[in-house]
Each structure stands twice: as C-alpha cells, then as structure tokens.
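*Asks:* Encoded as structure tokens, here's the structure I'll be asking about.
Taken together, the values in this text are just the output of simple stated rules run on the coordinates, not laboratory data. All figures in this text were calculated on a predicted structure; none of them were measured in a lab. Neighbour counts are summed over all protein chains in view; Cβ atoms, including those assigned to glycine, are modelled from backbone coordinates with ideal geometry.
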Amino acid sequence: MSIYSGKRVALLTQHGKERVVGPVLERELGCRVEHTVGYDTDLLGTFTRDIPRSGTQLEAARKKARVGMELSALSLGLASEGSFGQDPFMGMFPWNVELLVWIDRERELEVVGMAQGKANFSHLLTADWATAKTFARKLRFPEHHVVVRPESEHDPRIRKGIATWTELEITFAWALAQSENGHVFLETDVRAHANPMRMENIRLAAEDLAQKLRSLCPACGTPGFWKVERVAGLPCSVCHAPTNETRAETQGCLICPHRYTRELTDRSYADPRFCDNCNP
C-alpha cells in the first residue's frame, strides 16, 4: 500500500498516454488515474514545429498537470512531456527523453519521473515515391505513423497521423502536386499514440515515478525520497587512489532537510582507466 492508495489523479493527455501511465501507477500506488480532457495540449507546442514550445520541457509538463487539476477539480495532477535530439554519448542516433510530472497540491510537492533511450525519429526530403516507401519501411511504418508536407520541413501544409500505405501514397501524391520545388518532406510522427517506441519510454518514466513516490522520507514521510547527489572517490583497483567514479549516493527529502548517504555495494574498485594516477 502507498499513501496514494485510493486517491484520484488527473492525467491530461490527448495522445493516448493513459494507456501506459494508468496501469503502472494504479498497480504500484493503488491510485486511480483519471484521463482528463478539455484542453488542447498542442497549444503548448508541437513536434512538427507549427506551434513552438515556450519554456522548458519540465515547464510544459508542469503546465499540463496543473491544467488537468483545474479541469478535474482534483488536488493530484499528472502529465508528461517528451523531447528529441541526438544521443548524449556519441551524437550518432536520435534520442528521446520523457518527463512525467506528479503534482500534489496538498503536500506542496512535485515529483518527476524520467526515462530516456533511442528514438524512432527521422526525416527525408525526396521527389521519388519508391524512395519514400523505403524510408517508411525503415521507420517501421505503419506501426509508427508518418507526417507529410510539401517542399520542406517548414511548410505549414501538414498532414499528420498517416497510418496506412494507401493513405501515405495518396498524401505523397498530394504533397508532390502542391510542391513548387518538386519535393516532399516526410518525418516520423512522434506523438505518443503514433509512436510505440516513444510510448514505451513514457511507460518507463511511469515506472521511475512510481518508485520515487513509493520511497518515503524516513524523517517526515514525504514521498520522493530519492538520489540528489553522487559521491565520487571509488578507489582505483591498482593504486587505490580515489577516482572520479561514484563511491556512494546521497538521498534527500523534497520537503525537510533530511539526507542519507549510502555506500554502493555493486563494486569495490574502479577500473584504472578512470584513475588520474594510473592513466593521467
């Protein structure tokens, strides 16, 4: 049982996120996730660039959660926001970061779940239908939907949510006829309901959020007692000098000043590759 068992939570979404978020949180927390509608969340920004997002990813998720709370008259709100870019390691493939924000008005508390991983997010400019078909197959179409527009990525004439081969061929022909430069721009539709790979990251963000909400502060009982700092200094396996590798983690409360540092037990020494003495 969690402190949110039996509680109603507003989830504002128009892209089917309730299908993965609801089951996770209801199972782990015993709460009741209520799908909330009545606000066009695209007004806060679209991935197709026709409406730019104002503010940060976290601010957008927070705004959605608060709007959902207002519409439902509930004191608990929940919303997610995604972002796309290059992977943070090598910058070689598309990357998706998902944030899932939980707001508890009564406790004046905000807890954020997060997940990240590879994304199905690509684009192509072409004048050739055969090339467009090959591109769509690489995107795992029609399981993952496609967006089409004439001329370029900035053309305002957009067709979203294309989910069948017949529809794609017809839309490609339409865009080609509209295009003054003889090209058509295609890209992955990364709205949650149109992109199963992104939906899985949203589910993982819900799992992360549930873990945080089930972790209570030992001092005051507030949910979200979680990692706030890593402690470096894991000794080198050769010379035993401290390295920058993580030795311990500090958990902290979001409300009271309580902190707890625990030593990591998965390994006792760092690889000498990460030692400034052995590998300066």
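*Asks:* Based only on other Cβ atoms within 10 Å, what is the fewest-to-most ordering of H144, H240?
*Replies:* H240, H144
*Asks:* Indicate, rounded to the nearest 5 percent, the antiparallel portion of the DSSP beta bridges found entirely in the chain.
*Replies:* Values: 45 of 53 bridges.
Of all bridge pairs located within the chain, approximately 85 percent are antiparallel.
*Asks:* Another question, then. Among L100, W129, S72, whose Cα projects farthest towards the positive end of the dipole of the chain, with charges put on the beta-carbon of Lys, Arg (+1) and Asp, Glu (-1)?
*Replies:* S72
*Asks:* Same structure again: Could you pull out every residue, at least 5 positions away or on a different chain, whose amide H is within less than 5 Å of the one on R32? Hs are placed 1.01 Å off N in the peptide plane, and Pro or chain starts have none.
*Replies:* G6, K7, R8, V9
*Asks:* Counting other beta carbons within 10 Å of each residue's own, what order do M199, M114 fall into, fewest first?
*Replies:* So the ranking, lowest neighbour count to highest, is M114, M199.
*Asks:* Still on this structure, I have one more. To the nearest Å, what is the center-to-center distance of segment 146-168 and segment 74-138, using C-alpha atoms only?
*Replies:* Taking the Cα centre of segment 74-138 as reference, the centre of segment 146-168 is 19 Å away.
*Asks:* Using helices alone, I'd like the mean residue ellipticity at 222 nm for the chain: each DSSP H run of four-plus residues gives -39500 (n - 2.57), total over residue count, nearest 500.
*Replies:* -8000 deg cm²/dmol
*Asks:* If you only keep lysine pairs separated by 8 or more in sequence, or across chains, how many in the chain come under 20 Å at the Cα atoms?
*Replies:* 12
*Asks:* Say the dipole of the chain comes from +1 at the beta carbon of Lys and Arg and -1 at that of Asp and Glu; which of F89, A219, N279 then lies farthest toward its positive end?
*Replies:* A219
*Asks:* What FRET efficiency comes out for R105 versus T250 if R0 is 35 angstrom and r is the Cβ-Cβ distance? Round to the nearest 0.05.
*Replies:* Using R0 = 35 Å, I get an efficiency of 0.80.
*Asks:* A further question follows. Taking 8 Å as the Cα distance limit and 6 or more residues as the minimum spacing, I'd like the relative contact order of segment 123-188 as a percentage.
*Replies:* 45
*Asks:* I'd like the distance separating the alpha-carbon centroids of segment 200-223 and segment 21-58, in whole Å.
*Replies:* Comparing the Cα centres of segment 200-223 and segment 21-58, I get a distance of 18 Å.
*Asks:* Okay, next question. Return S72, S80, S2 ranked ascending by Cβ neighbour count within 10 Å, so the fewest neighbours appear first.
*Replies:* Ranking S72, S80, S2 by Cβ neighbours within 10 Å, fewest first, gives S2, S72, S80.
*Asks:* Based on the alpha-carbon gyration tensor of the chain and its eigenvalue square roots a ≥ b ≥ c, which shape applies: rounded if a/c is under 1.5, prolate if not and a/b is larger than b/c, or oblate?
*Replies:* Values: a/c = 2.81, a/b = 1.41, b/c = 2.00.
The shape class here is oblate.
*Asks:* Quick check: from the Cα gyration tensor, does segment 201-271 come out rounded (a/c under 1.5), prolate or oblate?
*Replies:* It comes out oblate by the Cα gyration axes.
*Asks:* Return the ratio Rg/(2.2 N^0.38 Å) for segment 112-168, where Rg is computed over Cα atoms only.
*Replies:* Working it through for segment 112-168, the quotient is 1.29.
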